[in-house]
Structure formats: structure tokens, C-alpha cells
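Shown next, in C-alpha cells, is the structure this report addresses.
The values are calculated or read from the model by the stated rules, or taken from the named source; none is laboratory data. This is a predicted model, so every value here is computed, not measured. Here the Cβ positions follow ideal geometry from the backbone for every residue, glycine too, while neighbour counts run over all protein chains shown.
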Amino acid sequence: MSIFYDSYIRSYCLDRERDRVFFDIVGDLYDSPQVQGQQIYRQHSSINRLDHVRSVTYLSFTLAEKLGLDARAAARGAMLHDLVYYDWHDKARWHRPHGFKHPRFALKNAKALNTEITPKEENIILRHMWPLTVIPPKYAEGWVVTIADKYCATREMLRAEHPRFQRDFTVRKRKYENMRP
């Protein structure tokens, strides 16, 4: 199984004890009411934004570690990359076109949290929608998050729309749910 798919599925079965290093890095953000509140928003098909963000974050963390990059910056930038407080499916004009505008909204909201946002994390949040954001990510970690975001979004849409992908996801997820910390 690829590191991409394996990490994507594992993101739905994270355990604070088994995945202590991951939660040491992003736990303060993940536990915040602002990030937890993302579960009320639909992201891709039937997947909520919190599930999407957690998947992108875990995949980014895993890839960055594997590539010897700054896994902390990749994970923290990924955790905040979609921190917007609206349903982008809604037809309101003020956030249209969402794909172009939401990185700036997410950065503004991330900066309002009681946490430090490094220049690298800021760039990750602002540039994760490349090529819609004409300027590409400046750092390798930004490219990792950009790729993880596209990968997870594709998986989410496939899972929601095709029973075969849903069955495969469910079977593979059980493997991780049954793992002991």
C-alpha cells in the first residue's frame, strides 16, 4: 500500500497514545474550538472539513518526515490551511471564487488563534491552492501540503461517489481501528 493511501486511511484512526509525536506537534491546534468547529462544514461530498483537514495534516506530516523535511511546519500549516468559518458550497458572493480567496481567509483566522504562525506555515496556508494561487509555494513543505490536499480531496470524492472505494476504505480502516496503541 502506498504511503499516500496508508496515511490517508490512518488519519481516520489516530490514537493519542500511538500517535503521540503527531499530537505533540498539532494537538493544541486540533483541540482548539476553532478547528474542532470545522466538523459542521461539508468539505467534499459527504466528508466534513475537520476530517479533510486531519487527513491532509497527517499525510503532510508523514510525507515531510519521510522526506527529511520540517514535519512540524508541514503539519501545523496543513492543520490551518482550510480554517474558514463558512460553507463554501453556499452561493454567497463574498467568498466567491472560494478556491482563490479562502487561503487569505484561512491565514487571517489562523493568525487570530492564540498561537505563533511561522513564515513557513504562513506560506503553506497562503499557497496550498496552487495553481489557483498563481504564486507557488516557497518551501518544500508547502509543496507537500499542496499535494496532500489534492490527494485527500480526490480520495474523499471517490469515497463519497463510488461504493467500491467506500468498501475498500472501510475494510482497510478496520485494520487500523483494531491496532493496539
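Residues in segment 120-138: is at least one in a loop (DSSP other than H, G, I, E, B) and polar (S, T, N, Q)? Yes; the residues of segment 120-138 include at least one that is in a loop (DSSP other than H, G, I, E, B) and polar (S, T, N, Q).
Take segment 56-86 and flag every residue that is modelled with pLDDT under 95 and either under 17 Å from E122 (Cβ atoms) or part of a helix (DSSP H, G or I) (or both). Walk me through it before giving the result.
Residues of segment 56-86 that are modelled with pLDDT under 95, as a first pass: 81-86.
Selection gives H81, D82, L83, V84.
Is it the case that some residue within segment 40-51 is at pLDDT 90 or above and over 15 Å from D19 (Cβ atoms)? Yes. Among residues of segment 153-177 that are without any contact (Cβ under 8 Å) to a residue 40 or more places away in the chain, those with a Cβ under 7 angstrom from a residue that is assigned to a helix (DSSP H, G or I) and of a type in the set (K, R), sequence gap 6+ or separate chain, pair up as F165/R159; Q166/R159. Inside segment 151-160, residues that are in contact with a His (Cβ under 9 Å, 6 or more places away or on another chain) and surrounded by fewer than 18 Cβ atoms within 10 Å (Cβ to Cβ) make up a count of 4.
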